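Trainee: Here it is: the structure, laid out below.
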Amino acid sequence: MNYVYHGVPKRMEGNILHPLSILKTQFPEVYSEEVRKYAGREHVMENRIPIFNCLWNDVLHFACVPPIELKNALVEAGMAEAVKLSFYKIDTSILDKENCIVYLNNKREKGELMSESDFTQYDQNNLKRYSIIPQIAKDKYKEAYIAGKTPLMFLFIPHILYRGSVNVSSAEIITV
């Protein structure tokens, strides 16, 4: 089986994960909490995903990297007291493949528009290649630690973007 991971929201309402744009209208208090992760980089939410012709906050973002590997990379960067992380472990068979795409998450300049070359077709058989934390991401964790900042945990890690909502009632929750 193949899995993708999504952080468990602090204020999860029900069993359905929704993109930020849906949270904004249906669960405004939850939206207010979740949108905080974009503080100082609000422009990211306005990025247009060309293949789906929608905005960044119109899709769910999943990673293929197992949570324990994220935790280990943070610890290796010097964050021995890294916070507890909780993720849904979601079987990819529940995702509609037509609504999935891979965002390669290569380095971008602030304000640079996304292009089709930043994405690749979703193929469940290729997910393993996106399950490794690139060295550049680990380097950024270390830089953040040295600077006393919270790292952007998924910077430079490919994302599986999903256009739609996902029922997580049968998903395992992994806490590391």
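Readers should treat all values here as calculations from the given coordinates under stated rules, not as data from a laboratory. Computed from a predicted structure; not experimentally measured. When we count neighbours, we look across all protein chains shown, and the Cβ atoms used for this are built from the backbone with ideal geometry, even at glycine.
Trainee: How large is the helix-only mean residue ellipticity at 222 nm for the chain, computed as the sum of -39500 (n - 2.57) over DSSP H runs with n ≥ 4, divided by its residue count, in deg cm²/dmol to the nearest 500?
Mentor: On the way: 4 runs with 37 residues, N = 176.
Value at 222 nm, helices only: -6000 deg cm²/dmol.
Trainee: Around Lys142, with a cut-off of 13 angstrom between Cβ atoms, what is the net charge of the other residues, counting Lys and Arg +1 and Asp and Glu -1?
Mentor: On the way: positive: Lys138, Lys140, Lys149; negative: Glu76, Asp139, Glu143.
Result for the neighbourhood of Lys142: 0.
Trainee: Moving on to the next point. Straight-line reach from Lys97: which lysines fall under 20 Å, measuring Cα to Cα and dropping same-chain residues less than 8 apart?
Mentor: Lys89, Lys128
Trainee: Could I ask something else about it? Can you compute the FRET efficiency between Ala147 and Val75 using 1/(1 + (r/R0)^6), with r the Cβ-Cβ distance and R0 = 25 Å? Round to the nearest 0.05.
Mentor: Step by step, r from the Cβ atoms, then E = 0.90.
Trainee: Using the charge dipole of the chain (Lys, Arg: +1 at Cβ; Asp, Glu: -1 at Cβ; taken about the Cα centre), state which of Asn106, Ile94, Ile51 has its Cα farthest towards the positive end.
Mentor: Asn106
Trainee: Apply the Karplus curve 6.51 cos²θ - 1.76 cosθ + 1.60, θ = phi - 60°, to the phi angles in the stretch 5-17 and return the couplings in whole Hz, x for Gly and Pro.
Mentor: Residue by residue, the stretch 5-17 yields 10, 9, x, 6, x, 4, 10, 5, 10, x, 10, 10, 7 Hz.
Trainee: Now, a different point. For Lys84, what is the net charge nearby, where nearby means another residue's Cβ is under 15 Å from its Cβ and Lys, Arg count +1, Asp, Glu -1?
Mentor: Result for the local shell: +1.
Trainee: Once amide H atoms are built 1.01 Å from N in the peptide plane, which residues 5 or more positions from Ile101, or in another chain, come under 5 Å H to H?
Mentor: Amide H to amide H, under 5 Å and 5 or more residues apart or across chains, Ile101 pairs with Leu161.
Trainee: Oh, and also: Fewest Cβ neighbours within 10 Å first, please rank Thr120, Thr175 accordingly.
Mentor: Listing Thr120, Thr175 from fewest to most nearby Cβ atoms yields Thr175, Thr120.
Trainee: Based on other C-beta atoms within 10 Å, arrange Leu55, Leu74 from fewest to most. Present the calculation step by step, with values, prior to reporting the outcome.
Mentor: Values: Leu55 16, Leu74 24.
Ranking Leu55, Leu74 by Cβ neighbours within 10 Å, fewest first, gives Leu55, Leu74.
Trainee: Could you order peptides 148-158, 38-48 by the average number of other Cβ atoms within 10 Å of their residues, highest first?
Mentor: In descending order of packing, they fall as 148-158, 38-48.
Trainee: Could you run the Karplus curve 6.51 cos²θ - 1.76 cosθ + 1.60 with θ = phi - 60° over the stretch 25-33 and give me ³J(HN,Hα) per residue in whole Hz, x for Gly and Pro?
Mentor: Using θ = phi - 60°, the values come out as 8, 8, 9, x, 5, 5, 4, 4, 6 Hz.
Trainee: Next up: With an 8 Å cut-off on Cα pairs and a minimum separation of 6 or more residues, tell me the relative contact order of the chain in percent.
Mentor: After rounding, I find 36 percent.
Trainee: Then there's this: Would you mind checking which residues have amide H under 5 Å from Leu55's amide H? H placed 1.01 Å from N; only 5 or more apart, or other chain.
Mentor: Amide H neighbours of Leu55, under 5 Å, 5+ apart: Ile49.
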